[in-house]
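Heads up: the structure comes next, in structure tokens.
The values are calculated or read from the model by the stated rules, or taken from the named source; none is laboratory data. Everything numeric here is computed off the predicted structure, so don't read it as measured data. Neighbour counts are summed over all protein chains in view; Cβ atoms, including those assigned to glycine, are modelled from backbone coordinates with ideal geometry. Note: accessible area is taken over every heavy atom of the protein model, side chains too, but ligands, DNA and RNA are not part of it. Shrake-Rupley method; radii C 1.70, N 1.55, O 1.52, S 1.80 Å.
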Amino acid sequence: MLLLLALLPLAGAQAAPAAAPASSAFGINSHISSRYPGVSGMGKAADAVAQLQVGWAREDFQFSRIAPRKGAYDWSFFDAGVNHLSQRGVQIVGLLNGPTPAWASASGRGGFAPPTPAAYAEFVGAVVARYKDRVHHWQIWNEPDNAAYWSPAPDPAAYAALLKAGYAAVKQADPSALVLSAGIVSPEPATSFLKAIADNGAWGAFDILAIHPYVDPRSPEDGQIAAAGVGQVKVLADKLGAKPIWATEFGWSTGAGDRKGNRVDEQTQASYLVRAMALLREAGVEKLFWYTLKDLSASEGLGLLRYAGSTTSYADPKPAFSALRTMASQLGSAAPQGMLDFGQRRVVWDAERFGTWKRGNQPNGTFAASAAQAHSGGASGELRYSFPSAGNDYVVFTAADPIDIGSPSQVGFWVYGDGSGHALKVWLRDAQGEVLQYRLGFVGVGWQFLSASVGGAVERYNRISGGGNLRLDLPATLTAIVLDDEPDKSSGSGAIYLDDLTAVSGADAYGARFGVGGGVVDVLWAPGEAQISLPTSSASGTITAPDGTQRSISASGGQFTLSLGPSPILLAHQGGGSPAQPAAPQPTAAPQADPQQRCFDETGFCIGGRIREFWEQNGGLPVFGLPIGPQQAEVVEGATLQVQRFERNRLELHPENARPYDVLLGRLGADRLAQLGRDWQSEFPSTSAASGCRFFRETGQNVCGEILAAWRASGLELDGQAGPSEAESLALFGLPLGPAHEESMADGQRRTVQWFERARFELHPENQPPYRVQLGLLGSEIVR
């Protein structure tokens with residue numbers, strides 16, 4: 001085999017390569033402006049960032065250092081840091097953070113005593129105004145859930161006030177900038193803190209939700225960095241108003257001085273970095289920022305660069321440095337395509353054999369067979385709960401006859417959820433009589449498979465009874481189901497449905513698939529040792545190790561045979577599907593395709609009937625995009641309607657209206673702005689008519705140039721005449737809500753956009769006509 005070595009140059013030893021584009025999912029907590037000891041020489045720290053080939057850096061803009069006295073600003077370090085990173089093509093998330101100067105805090109103390117909202121807004125406005133040509137993303141404080149950064153104690157209501165003041169100041173200085181909430185350690189206290197922010201009216205005061213999914217000292221898998229670190233927060237966000245999620249800090253330390261002394265060795269740090277990033281991306285996190293770039297003392301260890309006896313040395317990388325560079329170069333803009341499954345699934349319980357369950361001492365619910373929902377067959381287990389207090393409420397149901405799950409590597413339930421976000425757990429008794437508790441995940445909306453690996457050790461507090469090694473010695477049985485309120489302060493009642501308890505046996509291995517070009521890259525690993533077979537349509541593939549070393553591998557019989565271990569590999573090939581699973585017990589015949597429907601492999605959804613006819617007659621894919629859900633009943637403005645959502649709009653059936661008004665469009669432009677907390681009437685003041693433009697008196701806005709031509713090029717067919725009339729264009733897109741202006745998109749790109757009632761027009765000057773003006777994917781953004 002040919003061995004290609006990608007050797008890591010010493011940071012600062014040669015000219016740094018250009019950083020990855022802003023669409024990259026990867027970033028680093030660089031903090032060179034606040035932590036490099038001098039302005040001179042800061043360039044080599046920026047070189048190290050560029051060598052990582054990440055697209056993003058998170059930089060501190062420290063209040064007390066910039067404004068030690070009211071009205072007096074010292075920009076020297078921050079000008080240097082921003083200039084160096086921008087010159088190397090690195091996008092910056094500006095962290096508007098403490099320490100607080102004494103003059104700006106209500107208590108008159110410095111440190112991390114919170115500033116008054118007015119003083120903070122003044123500081124934020126000055127910083128954003130100075131750097132708005134180069135910095136387009138701003139984060140409002142850091143970890144206010146931690147007393148170390150919000151002294152003397154966390155106060156969600158006070159942070160909500162600061163967030164609202166900071167958000168308004170950012171938008172006033174740069175209306176197109178995007179605002180991140182403070183990163184909060186997830187899943188807790190993030191969920192409780194975020195709910196309190198919303199309760200204090202600040203959910204609309206940020207555009208991007210930031211989390212810090214630290215799970216150390218546990219591995220990414222044992223710590224459930226995806227299911228817990230992201231899942232619970234995502235369930236909450238879906239209830240309050242979905243927003244993009246960025247992980248602005250996470251990591252594992254190789255030193256004793258970080259994170260309460262938790263430490264791993266350097267190779268494990270590199271392995272965990274790759275595994276965590278793969279899991280977080282597949283869980284829906286859009287940007288990932290490792291913490292941190294460099295260790296600044298001998299006891300620190302979170303950095304990718306060793307201390308090496310100096311705070312100015314950037315020439316001693318750890319293995320994790322290469323690992324991040326490999327992820328950024330291989331998967332920078334790659335699209336997650338889902339987790340692969342290497343085990344054999346066996347349903348060990350379903351509601352058709354419901355059995356007898358006894359409730360524990362907590363009178364907080366019932367568990368009974370029900371035909372209201374079913375994942376397979378005709379019934380499921382309906383778990384009704386009532387959590388009355390603001391303390392920790394839960395309910396336990398014990399099986400009269402423990403369920404034999406055999407010797408699995410993973411166990412899970414299919415759950416039809418109510419969006420409560422409560423934690424579903426199970427008690428498993430092993431061959432030695434030890435009963436251990438495993439958290440399967442958090443209850444979302446609709447059917448989802450919640451599962452947990454059972455191969456590792458659990459914490460002592462998850463031992464329910466018996467003695468032993470805190471590991472599940474197989475074979476095992478399931479003895480109980482637990483629903484636990486999350487967060488503990490939440491109260492309320494509802495119902496979820498459980499079906500098809502599944503034991504997954506075979507290789508305890510993980511695979512995360514990403515689309516790259518016309519092929520795929522699979523990130524593959526096993527916490528222990530495992531051998532897998534991976535289907536492929538390629539004759540051969542390329543394996544990249546975390547250190548950048550590459551080798552080729554040949555397929556045989558349409559599959560790769562791979563030996564996996566804790567250190568991940570990245571396998572590039574043409575895909576060919578994930579490992580096939582055995583058929584579910586008592587399968588039902590697949591429904592025959594409706595010849596009147598048109599189905600789309602890209603999303604797996606179909607359109608039919610009047611919605612298909614309307615979609616095809618009025619612009620199709622360029623105007624509406626692909627279907628992103630089925631036609632279904634939804635409540636819209638108090639009425640239950642048949643609705644189908646598309647990438648760019650929402651179509652509603654109104655059979656009470658005569659054609660063509662029996663299909664109406666959602667006001668997704670106005671809805672998306674409202675979801676982002678943006679009041680278009682105050683953000684986009686009325687103007688006067690401009691020469692060469694179409695002026696709309698109703699909203700006081702002009703539409704000009706290429707956007708006007710695109711607006712006039714499409715419309716709903718209303719009059720039966722060839723070509724769209726202005727009335728037809730107005731029916732399709734609605735009135736303009738604001739002028740054409742630059743905005744930072746969620747992927748980090750800056751584009752000229754114009755908002756309309758039902759659409760967002762975007763200029764793409766890199767494309768050839770007629771694709772220079774495109775419609776934003778508002779339908780996808782709203783449901784994300």
Within the range 497-551, the residues that are closer than 30 Å to residue 380 by Cα and part of a loop (DSSP other than H, G, I, E, B) are 507, 508, 509
Go through the range 179-221 residue by residue and tally those that are open to solvent by 10 Å² or more (accessible area, probe 1.4 Å) and closer than 19 Å to residue 260 by Cα.
10
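Yes or no, residue by residue, for (1) part of a helix (DSSP H, G or I); (2) at pLDDT below 95; (3) among the hydrophobic types (A, V, I, L, M, F, W, C); (4) not assigned by the TED database to the domain that holds residue 115:
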site: 163; (1), (2), (3), (4): yes, no, yes, no
site: 176; (1), (2), (3), (4): no, yes, no, no
site: 179; (1), (2), (3), (4): no, no, yes, no
site: 192; (1), (2), (3), (4): yes, yes, no, no
site: 209; (1), (2), (3), (4): no, no, yes, no
Go through the range 640-668 and report how many residues are over 27 Å from residue 712 (Cβ atoms) and open to solvent by less than 40 Å² (accessible area, probe 1.4 Å).
3
Take residue 142 and tell me if it is assigned to a loop (DSSP other than H, G, I, E, B) and at pLDDT 95 or above.
yes
Looking only at the range 103-117, which residues are open to solvent by 50 Å² or more (accessible area, probe 1.4 Å) and not in a loop (DSSP other than H, G, I, E, B)?
103, 117
For strands (runs of 3 or more DSSP E) lying entirely in the range 689-784, having 1 or more residues that are within 18 Å of residue 666 (Cα to Cα) picks out 750-755, 760-763, 773-775
When the residues of the range 373-393 are filtered to those that are over 23 Å from residue 350 (Cα atoms) and of a type outside the set (S, T, N, Q), which remaining residue is surrounded by the most Cβ atoms within 10 Å (Cβ to Cβ)?
387
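Could we say that residue 173 is touching a residue at least 24 places away in the same chain (Cβ under 8 Å), small (Gly, Ala, Ser) and either buried (at least 23 other Cβ atoms within 10 Å of the Cβ) or within 29 Å of residue 279 (Cβ to Cβ) (or both) here?
no
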Go over the candidates 166, 201, 183 one by one and state the one that is closer than 23 Å to residue 738 by Cβ and of a type outside the set (A, V, I, L, M).
166
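Look at residue 284 and say whether it is open to solvent by less than 10 Å² (accessible area, probe 1.4 Å), part of a loop (DSSP other than H, G, I, E, B) and either at positive phi or in contact (Cβ under 8 Å) with a residue 24 or more places away in the chain (or both).
No, not satisfied.
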Determine the pairs where a residue that is at pLDDT below 85, located within the range 225-238, has a partner that is part of a helix (DSSP H, G or I) and open to solvent by less than 10 Å² (accessible area, probe 1.4 Å) with Cβ atoms under 6 Å apart, the partner being 6 or more residues away or on another chain.
232/191
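Here's the yes/no breakdown for (1) touching a helix residue (DSSP H, G or I) at 6+ places or on another chain (Cβ under 6 Å); (2) touching a residue at least 40 places away in the same chain (Cβ under 8 Å):
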{"site": "709", "(1), (2)": "no, yes"}
{"site": "730", "(1), (2)": "no, no"}
{"site": "737", "(1), (2)": "yes, yes"}
{"site": "767", "(1), (2)": "no, no"}
{"site": "775", "(1), (2)": "no, yes"}
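When the residues of the range 617-634 are filtered to those that are out of contact with any strand residue (DSSP E or B) (no Cβ under 8 Å at 6 or more places or on another chain) and either without any contact (Cβ under 8 Å) to a residue 12 or more places away in the chain or part of a loop (DSSP other than H, G, I, E, B) (or both), which remaining residue is surrounded by the fewest Cβ atoms within 10 Å (Cβ to Cβ)?
Here the residue is 620.
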Kindly check whether there is at least one residue in the range 436-454 that is more than 20 Å from residue 279 (Cα to Cα), in a strand (DSSP E or B) and at pLDDT 95 or above.
yes
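Can you work out which of the residues in the range 403-435 that are hydroxyl-bearing (Ser, Thr, Tyr) and outside any strand (DSSP E or B) is nearest to residue 194 (Cα to Cα)?
Looking only at the range 403-435, we keep the residues that are hydroxyl-bearing (Ser, Thr, Tyr), and these are 407, 409, 416, 420.
Still in the running and outside any strand (DSSP E or B): 407, 409, 420.
Details: 407: 39, 409: 34, 420: 15 Å.
Selected residue: 420.
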Among residues of the range 412-451, those that are under 21 Å from the mean Cα position of the chain (by Cα) and at positive phi, counted
4
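Let me confirm something: among 18, 80, 72, 67, which residue is at pLDDT 95 or above and farther than 22 Å from residue 163 by Cβ?
Selected residue: 80, the only one of 18, 80, 72, 67 that is at pLDDT 95 or above and farther than 22 Å from residue 163 by Cβ.
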Taking only pairs six or more apart or across chains, which ones have beta-carbon atoms under 6 Å, a first residue in the range 545-570 that is over 15 Å from residue 330 (Cβ atoms), and a second residue that is open to solvent by 20 Å² or more (accessible area, probe 1.4 Å) and of a type in the set (D, E, K, R)?
565/529
Scanning the range 740-784 for residues that are hydroxyl-bearing (Ser, Thr, Tyr) and within 24 Å of the chain's Cα centre (by Cα), the one surrounded by the most Cβ atoms within 10 Å (Cβ to Cβ) turns out to be 744
Looking only at the range 479-496, which residues are in contact with a Lys or Arg (Cβ under 8 Å, 6 or more places away or on another chain) and assigned to a strand (DSSP E or B)?
479, 481, 482, 483, 484, 493, 494, 495
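Please pick out the residue among 62, 53 that is closer than 16 Å to residue 138 by Cβ, touching a Pro at 6+ places or on another chain (Cβ under 7 Å) and open to solvent by 10 Å² or more (accessible area, probe 1.4 Å).
Step by step, each of 62, 53 is checked, and only 62 is closer than 16 Å to residue 138 by Cβ, touching a Pro at 6+ places or on another chain (Cβ under 7 Å) and open to solvent by 10 Å² or more (accessible area, probe 1.4 Å).
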When you scan the range 325-334, do you find a residue that is open to solvent by 20 Å² or more (accessible area, probe 1.4 Å), modelled with pLDDT of 95 or more and not polar (S, T, N, Q), even just one?
yes
